[in-house]
Amino acid sequence: MRDEMVSWNNLTVNRRVDAIAAAVQRICLLVVIAVELLFFLPGEAADGLVYLFLEWKLVDISILFLAASLCRKYLRQSKWFFLLGLVIVVWFYVLRGVHLRLEGVNQDPGAFVCAYLLCLPFASASGDRRWGLKALAAVFVLTGAVFSLYAVLLVTRHLPGFLEGYVFWDGPRFGTMGHPNICATVLMISIGLTLGCALNVKKLKLPLLCLSALEFWALCLTNSRATIVLTCALMGGIVFCLLRKPERKRILLALAAAAAVMVLLFCVSRWVYAWNTQRLTQQVQQAQLTGEEVGVELDKNGQLKTQNGQGTFAGSMKTLNGRTEIWAAAMQALRDHPKILLTGTEHAGDIISPYWTRMDTLHAHNAWLQALFQLGIPGLLAALALTGLTVWNGVVLLWRNDDLMHSCVAMVVLCLMGCAMLEPYLFTVSGQFHYFDFLFLLCLGYMNQWRRQKLNGEGVRENV
């Protein structure tokens, strides 16, 4: 009897410890979510506080999360994620020391450490299947809705004064957060997650579908062409998953419908952009007669002036708007500076720019190439490992297709990797793009769990 009582007491204590550790894990993620919400706020009032927290205090949050995970049985499920994340973080700190000694600068650790020690293993280490995903997805859905509202206010010329400069026309392109391409990628993610929610929450299906349509309209105004193409593929892919049954059934019908949707959406995007260009040009011409300010000007050729040059669609496809030339310049820079392959550098843009004389570049315009520049060959190998794991998880989830939310998440992550082929959104966790890394690594943790369950024939247990 006494042994049974001791065993019962031990079980009770273990449950209490597990419950406390689970609460700590959720609080850690909520702190990250709160910081992300502040990051997306317009203006500069909270920027200093947010960047200070991102760059330093997130290390403490990550360590707290790791300590809580050590108290839970789910840690053994995520041991390989933790080991991979820990190896990447250790290498990051080694390079920080090298960069400080050789270059006098180093990257702040907060966002990087948080990405690999909290976001990457969250789903596995917490035993949670969708709670963390819902929390971060809500941030992107809300941000996409707000960006769409910005587009409406800008087009109707009712933009409040406090948003001027933060929301802008770059020629005929709608932009916010500093660049139309960044805005477009956020909108693409929001569209995918909004559609995923619409397919799973029947009561909100119509409002969410309307919101995704508004977000696609705002995306078209950015004229971020690669992102628009990927978004058309994303929405067509969702139609494909919706129409086909698991595995091979109805696959031809679903493929035909998906292809039709992609072509239609792309044609709509070109029409929206042409309509907006013509509308803005007429507004500027009228403003020149009346002396009114409309936030955009015409150049000497009668075209709308743009700060970020963009050629014609056909012309830009040859070099991906100059990116293939930047990649060639980056490879030449690596041949001339081979030590970067081991030590990495904090000055990738400064090293590449002399080899691409058209204009200065801030980075390599490719996430894998940027990882090589910043983290050396070990960092590139880690990025390739994460890429392979993502593709494997995505293929399994899309082939099984027995949960539309799983399929939507997989397609969003794969499309985000497509965007990362043109911009350094992933792996290096820079302050400017850290939110893409957080979402990517968090979703990768969930996808890995879902893939393992499907291959093992297990049901998906929801802990909401």
Computed over region 98-216, the ratio Rg/Rh where both radii use C-alpha atoms and Rh is Kirkwood
1.09
XL table LYS73/LYS134; LYS79/LYS454; LYS57/LYS79; LYS57/LYS202; LYS202/LYS454; Cα-Cα > 29 Å flagged, in table order, is LYS57/LYS202
Length gained if LEU83 through LEU64 is fully extended, taking 0.36 nm per residue and subtracting the Cα-Cα distance, is 5.2 nm
Charge dipole of region 387-464 built from unit charges on the beta carbon (Lys, Arg +1; Asp, Glu -1), centred at mean Cα; most positive-end Cα among CYS443, MET417, ASN401 is ASN401
From the protein chains alone at 1.4 Å, what is the descending order of accessible area for GLU292, GLU164, GLU103, GLU36, largest first?
GLU164, GLU292, GLU103, GLU36
Which whole-percent values make up P(r) of region 206-284 when all C-alpha to C-alpha distances are grouped in 5 Å steps starting at zero?
3, 15, 20, 20, 16, 11, 7, 3, 2, 1, 0
Where the only charges are on Cβ atoms (+1 Lys, Arg; -1 Asp, Glu), what is the dipole of region 330-403 about its Cα centre, to the nearest 20 debye?
200 debye
Accessible area, 1.4 Å probe, largest first: how do LEU149, LEU29, LEU380 sort?
LEU149, LEU380, LEU29
What's the angle, to the nearest 10 degrees (0 to 90), between helix 367-400's Cα axis and the longest principal axis of the chain?
70 degrees
For region 377-421, what number results from the quotient of the Cα radius of gyration and 2.2 N^0.38 Å?
1.25
Tell me the angle of helix 131-155 to the major Cα principal axis of the chain, expressed in degrees between 0 and 90 and rounded to the nearest ten.
10 degrees
Could I get the Rg over Rh figure for the chain? Both from C-alpha atoms, Rh via Kirkwood, rounded to two places.
0.99
In degrees between 0 and 90, to the nearest 10, how far off the longest principal axis of the chain does helix 225-243 point, with axes built from Cα atoms?
50 degrees
Surface share of carbon and sulfur [accessible, 1.4 angstrom probe, percent] for the chain
65 percent
Solvent-accessible surface (1.4 angstrom probe) belonging to LYS339, in square angstrom, nearest 10:
130 Å²
Kirkwood estimate for region 312-459, i.e. one over the average of 1/r between Cα atoms, Å
16.6 Å
Rounded to the nearest 10 Å², the 1.4 Å probe accessible area of ASP350 is 110 Å²
For the chain, with every protein chain kept in place, what is the accessible area per residue (1.4 Å probe, Å²)?
46 Å²
With every protein chain in place, what's the accessible area of ARG452 (1.4 Å probe, Å², nearest 10)?
70 Å²
Quick check for me: using +1 on Lys/Arg Cβ and -1 on Asp/Glu Cβ, what's the dipole size of the chain about its Cα centre, in debye to the nearest 20?
1900 debye
As an exercise, find the ratio Rg/Rh for region 18-148 from alpha-carbon atoms, using the Kirkwood inverse-distance average for Rh.
1.01
Counting only Cα, what are the radius of gyration and maximum Cα-Cα distance Dmax of region 350-409, in Å?
17.0, 51
Please give the contour-minus-distance gain from ILE20 to LYS205: 0.36 nm per residue of separation, less the Cα-Cα distance, rounded to one decimal in nm.
63.0 nm
Probe radius 1.4 Å, ligands and nucleic acids left out: which of TYR435, TYR166 has the largest accessible area, and how do the rest follow?
TYR166, TYR435
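The values are calculated or read from the model by the stated rules, or taken from the named source; none is laboratory data. Quick caveat: nothing in here was measured; it's all calculated off a predicted structure. Cβ atoms come from the backbone with ideal geometry, glycine included; neighbour counts cover every protein chain shown. Surface areas here come from the heavy atoms of the whole protein model, side chains and all, with no ligands, DNA or RNA. Shrake-Rupley method; radii C 1.70, N 1.55, O 1.52, S 1.80 Å.
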